[in-house]
Amino acid sequence: MDTADRSQRDGSMDWPPIHRAPTLPPILGDYDATRATFTWAQARSELDGLPGGGLNIAHEAVDRHATGALADTPALRFVGRDESVSTISYRELRELTDRFASMLHDLGVGRGDVVCTLLGRVPDLYLTALGTLKTGGVYCPLFAAFGPQPVRERLALSQAKVLVTTSADYVRKVASARADLPALEHVLVVDRAAPDGAVALPDLLAATRSTVAIAATTPEDPALLHFTSGTTGRPKGAVHVHEAVVAHHATAGFVLDLRPGDIYWCTADPGWVTGTSYGIIAPLTHGVTTVVDAADFDAKRWYRTLAESRVTVWYTAPTALRLLMRAGDELPHRFDLSALRHVVSVGEPLNPEAVVWGERAFGVPIHDTWWQTETGAIMISNYPGMTIRPGSMGRPVPGVDATVLARGEDGRALVIDDHVTELDAGAVGELALRPGWPSMFRGYLGDDARYRACFAGGWYLSGDLARRDRDGYFWFVGRADDVIKSAGHLIGPFEVESLLMEHPAVVEAGVIGKPDPIAGEIVKAFVTLRSGFLPDDALRQELITFGRHRLGGLAPKEIDFDQNLPHTNSGKVMRRLLKARELGLPEGDLSTIESRP
Ligand code: WT7
């Protein structure tokens, strides 16, 4: 059945529901009963808080476990590229992050200052994140695979005061732009050989003599800054506050089923929101051991990590699952995956085949979850113990109300005098959430207009198209806008187009997500050449290399030449039409365009 067809139907008819008795009584035992009585105030009471009513994420994640029964439990278990294993206990994590905070304090970094990392999944990243939160600063991760362009753009937008990175990345991606980054006072490199303009982090940490108390942050103090992308304009910095930890903690209970004793692996990179909310904060607040693998995807290695670390709960992504499926059914059976209790996925559409395959490969189906950088935490989910309808994102987490809104001509929710219309079961519309959960973003940094445009009629508009079925399960249909999802990473076409237009051969570019069986979508660019340039393979290759060099992981994988890019009346490139042509769809009916692989 083709995908457009499936979206019109109740997907539960296509794939039989899966009900599997959990091996442990789940934290969320009875969805309806919990939903009926749950309050965020009650979720908040499960955390410590600071004396005097303050709240600090790092206290909830680290300090409160550093004395008492969990003190010697490994908080982080690092698997190095060479597969060597090292651990940091909760007690050690407290000491190391205290020292990091003191070092930042010595540098004059404090409340509200932005500290960025440009690092792989190494211990220093975790110490920077938690140490920054202890000072009352704002932690902002930058994805290590970004090229110089996106890194500089985000450093400038965030007004970062400190960057923690490697010498090599500093020299290649930042150093020559330093003059354009006046707010960036300190570059700390994790290796000892600091290049000009940077200081060696290990030396600074060793020299720290001060001991500063954790900052008395309030729940509404900014804590995290995550960049995300829209259809137009520059990247958007979503601001989250310390109160977000209430949602991180509660959802990690309901959805991930985490409890002390668990060995938990979140495969998302902390450069993206999943890798921070659920790769750093949420598991630590539950006192579990979090596995961190420095290396990139490799099927055998991943099964080995699951087996050798005795992972009990695994939070991963559809692209990775599809790659594992491709590696075959026999491979997982060569490893002892008996510890694995619960498998969860996020970030892009999870095809029902993958949900069902999970049962064959791991003995547990895969539980899809839906949320966004802006929501800060899981909003819609399948729960252990609840019947799964393969292909559905599940039901809203307790404390969150979701709906589907009627659309206007532009494909987004139709708003008339700040009124919107909720649709009944079965109808496709824009997925919306009732604001009020603790990890709701509090703004886009320096862009109030864009923030306000996310709300109408008392709802937060997600930009996704979905429908719900009669039992309140939500089904993802596609994006209402042109942003691209490639291997789970959200990519703004505008950022890619702008870069391509910096190349002397390019007059104009239109960038789309081209469906891909593994990555969901890949970035594809259509470019119009300046006269005098020949549309040949050499130029195509040059543009691909140019993109890769400047954009890194955001770069287009495919480039087509097109001297007649379609335009709207206002002169914008019509990406939807490019996509329709690419897919061989009728150009008149763009509503059928979906990103489900
Ligand atoms: C967009 C948000 C989720 C945190 C990491 C990504 C897409 C997310 C699903 C899902 C289909 C999904 C949506 C959403 N998305 N989860 N289960 N099924 N699509 O956060 O980078 O802000 O991306 O990812 O389009 O809007 P993000």
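The values are calculated or read from the model by the stated rules, or taken from the named source; none is laboratory data. Worth saying up front: this structure is predicted, and the values here are computed from it rather than measured. When we count neighbours, we look across all protein chains shown, and the Cβ atoms used for this are built from the backbone with ideal geometry, even at glycine.
Key figures
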| read-out | value |
| --- | --- |
| Residues satisfying the stated conditions in region 402-428, i.e. exposed (fewer than 13 other Cβ atoms within 10 Å of the Cβ) and closer than 23 Å to Ser392 by Cβ | Asp424 |
| Among the residues listed as Ala282, Ala294, the single one being in contact with a strand residue (DSSP E or B) (Cβ under 9 Å, 6 or more places away or on another chain) and within 16 Å of the ligand (Cβ to nearest atom) | Ala282 |
| Residue list for region 351-386, restricted to those being of a type in the set (Gly, Ala, Ser) and near the ligand (Cβ under 10 Å from one of its atoms) | Gly376, Ala377, Ser381 |
| Segments classed as strands (runs of 3 or more DSSP E), wholly inside region 415-517, with at least 1 members that are over 25 Å from Ala377 (Cβ atoms) | 506-516 |
| Single residue of Arg434, Arg395, Arg442 found to be surrounded by fewer than 24 Cβ atoms within 10 Å (Cβ to Cβ), under 28 Å from Arg44 (Cβ atoms) and within 15 Å of the ligand (Cβ to nearest atom) | Arg395 |
| Boolean, Tyr303 is among the aromatic types (Phe, Trp, Tyr) and either within 16 Å of the ligand (Cβ to nearest atom) or touching a strand residue (DSSP E or B) at 6+ places or on another chain (Cβ under 9 Å) (or both) | no |
| The listed residue being touching a Gly at 6+ places or on another chain (Cβ under 9 Å), modelled with pLDDT of 95 or more and within 27 Å of Gly571 (Cβ to Cβ), out of Glu502, Glu497, Glu508 | Glu497 |
| Only one of Gly510, Gly488 that is in the same structural domain as Asp560 (by TED's automatic domain parsing), within 14 Å of the ligand (Cβ to nearest atom) and crowded, with 18+ Cβ neighbours inside 10 Å | Gly488 |
| Failed condition for Ala519, given (1) exposed (fewer than 15 other Cβ atoms within 10 Å of the Cβ); (2) within 16 Å of the ligand (Cβ to nearest atom) | (1) |
